[in-house]
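Okay, so here's the structure we're looking at.
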Amino acid sequence: MKSIPLLSLFLTFPLFANPDWQNEVLFEENKLPARATSYSYQTESEALTADRDASRLLNLNGTWKFHYSPKDTERPTDFFAKDFPGEGFVDTPVPSNWELQGHGQPIYTNIVYPFTPKESFEEKYDWKGPQPPVPPSIPRDNPVGSYFRDFEVPADWANDSIILHFGGVSSAFYLWVNGEQVGYSQGSRLPAEFDITDYVSSGKNRLAVQVFRWSDGSYLEDQDMWRLSGIHREVLLLAQPKVSLNDFFVRTKFDDQLEDATLEIRPKLWVKDTASKLEGWQVTAQLYDPENTPVFEHPLATPAADIYKERWPARDLNPFALLKGEVKAPKKWNHETPHLYTLILSVKDETGRLVEARS
């Protein structure tokens, strides 16, 4: 008989679980790992210009449809459907903060959490402020902004991977594409990227985002600043080949006389085709001086398969550099002579054809 109440407790417990934005063990779903900023170019000469508008990029900034809910319990729950007509939604610019567009109230505070319970202000407190809320709960009305817009994928991206990039969203958000939930993210000042290749189609596509002003992550984002919300940094659609450069770590080491340097590069690959396709493929690197003159007589090169299939022994004895080159007497950067070098990383197939270049 005593097991019945316990069983009932186990069966009903999920009903009282915290929502994602108040769950300290969940801060992302289906989000890609963070990576260095770069763009995929079709030629090395385009990569050398560092003009991202010449890359595989579609800018989704501009006018979006928007709905403001002062409470999370009043947020719309059907707006992400591909055929949603948009009743009750208005135009808003992206990127922007919704408080600066007339929705909700900007808040400036230092050490006092902006979602501190009203009851805490009714009690006597000293210079440290009222009794703070208890993580991970948000004990105040949590405003929600719901966004959507349509877009078309360029026809020449048909065989590429499609990545959706958010430069910054405050403070937590869900993402849908064509009515299907893609993922979730927290981290107001960090980019969030999602692979939406399997969610998009030719013709019109619908992108929908629902943003929560506060989340359990807001406890860690407690700085002396204005508290503003929304999609506050750019939104980009990025394409990259199914085998491409996905990330890289670059460092330079000078000799004891600080005259000559060693360039060390650790690239990571994005492989969505079979790994066997990498036989004969290469990743190459060329460094250009401030006058755009190549530094190396021949580009540095390493087999793509060695990068993708790298194994990690228990004691982590792998060398850092997968590509390494010596640079004689480089021009050093300082605030009076800010010399900049440009590094071009390229992926080439077994015939030597350039698949992509990044800078």
Output for region 263-293, where each listed residue is within 26 Å of PRO330 (Cα to Cα) and not in a strand (DSSP E or B): ASP289, PRO290, GLU291, ASN292, THR293
From the options PHE84, PHE66, residue that is in a strand (DSSP E or B), within 20 Å of ASN178 (Cα to Cα) and of a type in the set (Phe, Trp, Tyr): PHE66
Can you tell me how many residues within region 252-269 are of a type in the set (S, T, N, Q) and out of contact with any strand residue (DSSP E or B) (no Cβ under 7 Å at 6 or more places or on another chain)? 1
Could you check region 104-189 for strands (runs of 3 or more DSSP E) lying wholly inside it with 2 or more residues that are over 26 Å from the mean Cα position of the chain (by Cα)? 107-109
Can you name the condition, by its number, that PHE249 falls short on among (1) assigned by TED's automatic domain parsing to the domain that holds PRO93; (2) of a type in the set (A, V, I, L, M, F, W, C); (3) assigned to a strand (DSSP E or B)? (1)
Could you say which residue among ALA357, ALA329, ALA321 is assigned to a loop (DSSP other than H, G, I, E, B), of a type in the set (Gly, Ala, Ser) and crowded, with 17+ Cβ neighbours inside 10 Å? ALA321
The condition of being farther than 30 Å from LYS324 by Cα and over 13 Å from the mean Cα position of the chain (by Cα) holds, among ASP216, ASP260, ASP255, only for ASP216
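Listed here are the residues, each with its yes/no results for (1) at pLDDT below 95; (2) more than 30 Å from PRO290 (Cβ to Cβ); (3) surrounded by 15 or more Cβ atoms within 10 Å (Cβ to Cβ).
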site: ASP51; (1), (2), (3): no, no, no
site: LEU58; (1), (2), (3): no, yes, yes
site: ASN61; (1), (2), (3): no, yes, yes
site: TRP64; (1), (2), (3): no, yes, yes
site: GLY102; (1), (2), (3): no, yes, no
site: ILE107; (1), (2), (3): no, yes, yes
site: VAL112; (1), (2), (3): yes, yes, yes
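Okay, residues lined up against (1) modelled with pLDDT under 95; (2) surrounded by fewer than 21 Cβ atoms within 10 Å (Cβ to Cβ); (3) assigned by TED's automatic domain parsing to the domain that holds VAL112; (4) charged (D, E, K, R):
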| position | (1), (2), (3), (4) |
| --- | --- |
| ASP160 | no, yes, yes, yes |
| GLY167 | no, yes, yes, no |
| ALA172 | no, no, yes, no |
| GLY179 | no, yes, yes, no |
| ASP195 | no, yes, yes, yes |
| VAL200 | no, yes, yes, no |
| VAL211 | no, no, yes, no |
| SER218 | no, no, yes, no |
| GLY230 | no, no, yes, no |
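The values are calculated or read from the model by the stated rules, or taken from the named source; none is laboratory data. Because the structure is a prediction, the values reported are computed rather than measured. Glycine also receives a Cβ, built like all others from the backbone with ideal geometry; neighbour counts cover every protein chain displayed.
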